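Here's the structure, in structure tokens; my notes come after.
The values are calculated or read from the model by the stated rules, or taken from the named source; none is laboratory data. Note that the structure is a prediction, hence the values are computed from the model and not measured. Reconstructed Cβ throughout: ideal geometry from the backbone, glycine too, with neighbour counts over all protein chains shown.
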């Protein structure tokens, strides 16, 4: 059912999605989604968790990365290196984020905010680890830098999903350069 909901949200958003439609699209009865999730808000909350799980599973299938700067740069490479159906969950997430800004979908706001906090916490952890290891410059506030990195990644992705003619690989490579310049500690710097 979550896969069916993911496809529906990615195609036209959660505002017009119904629980009955999700049950039918998944090949079940119209009432099963309501029984399973209780409400549309419950389904959307489960969907946000599912999107996060999918991203984590996709990332885990990639090369092993060291905590800190290696993990951050590797995450950027992975994020823009996905192909085909791997973008479906990202499209659904961006739709949900946009809908969460609307007054008509106030129940989405805390769900999307919680998802964002989780994504930001991942970056913050790796920035703090990199600072402690001496590979990330200590002037990088983990919280603020995490917001900037995640915002840049999602902003580029949203532009590309709207206009696939954008040179995504070139933009990714430049973002990796910018992130490296922003984060890297000067040679000889020691961690805290």
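Only one of these conditions is not met by residue 105: (1) in contact with a helix residue (DSSP H, G or I) (Cβ under 9 Å, 6 or more places away or on another chain); (2) part of a helix (DSSP H, G or I); (3) in contact (Cβ under 8 Å) with a residue 12 or more places away in the chain. Which number is it?
Failing condition for residue 105: (2).
Of the conditions (1) part of a helix (DSSP H, G or I); (2) modelled with pLDDT of 95 or more; (3) surrounded by fewer than 15 Cβ atoms within 10 Å (Cβ to Cβ), residue 139 clears all except one; give me its number.
Failed condition: (1).
If we keep just the residues of region 25-39 that are out of contact with any helix residue (DSSP H, G or I) (no Cβ under 6 Å at 6 or more places or on another chain) and surrounded by 14 or more Cβ atoms within 10 Å (Cβ to Cβ), which is nearest to residue 94 (Cα to Cα)?
Kept after step one, since they are out of contact with any helix residue (DSSP H, G or I) (no Cβ under 6 Å at 6 or more places or on another chain), are these residues of region 25-39: 27-28, 31, 35-36, 38-39.
Pick out the ones that are also surrounded by 14 or more Cβ atoms within 10 Å (Cβ to Cβ) and you get 28, 36.
Working: 28: 27, 36: 25 Å.
The qualifying residue nearest to residue 94 (Cα to Cα) is 36.
Give the number of residues within region 149-176 that are exposed (fewer than 15 other Cβ atoms within 10 Å of the Cβ) and out of contact with any helix residue (DSSP H, G or I) (no Cβ under 6 Å at 6 or more places or on another chain).
Just the residues of region 149-176 that are exposed (fewer than 15 other Cβ atoms within 10 Å of the Cβ), to begin with: 151, 155, 159, 162-167, 169-170, 173-174.
Subset that is out of contact with any helix residue (DSSP H, G or I) (no Cβ under 6 Å at 6 or more places or on another chain): 151, 155, 159, 162-165, 167, 169-170, 173-174.
Going through region 149-176 one residue at a time, the tally reaches 12.
Does residue 45 satisfy being more than 22 Å from residue 176 (Cα to Cα) and surrounded by 17 or more Cβ atoms within 10 Å (Cβ to Cβ)?
Numbers: more than 22 Å from residue 176 (Cα to Cα): yes; surrounded by 17 or more Cβ atoms within 10 Å (Cβ to Cβ): yes.
The answer is yes for residue 45.
Six or more apart or on different chains, Cβ under 6 Å: which pairs go from a residue in region 117-131 that's closer than 8 Å to residue 69 by Cα to one that's part of a helix (DSSP H, G or I)? Could you list them?
Once the first residue is closer than 8 Å to residue 69 by Cα and sits in region 117-131, its partners that are part of a helix (DSSP H, G or I) give 126/71; 126/72; 127/142; 127/145; 130/69.
From the residues in region 13-24 that are without any contact (Cβ under 8 Å) to a residue 24 or more places away in the chain and outside any loop (DSSP other than H, G, I, E, B), which one is surrounded by the most Cβ atoms within 10 Å (Cβ to Cβ)?
So the residue we want is 22.
Got a number for residues in region 58-72 being part of a helix (DSSP H, G or I) and crowded, with 19+ Cβ neighbours inside 10 Å?
Qualifying residue count for the region: 3.
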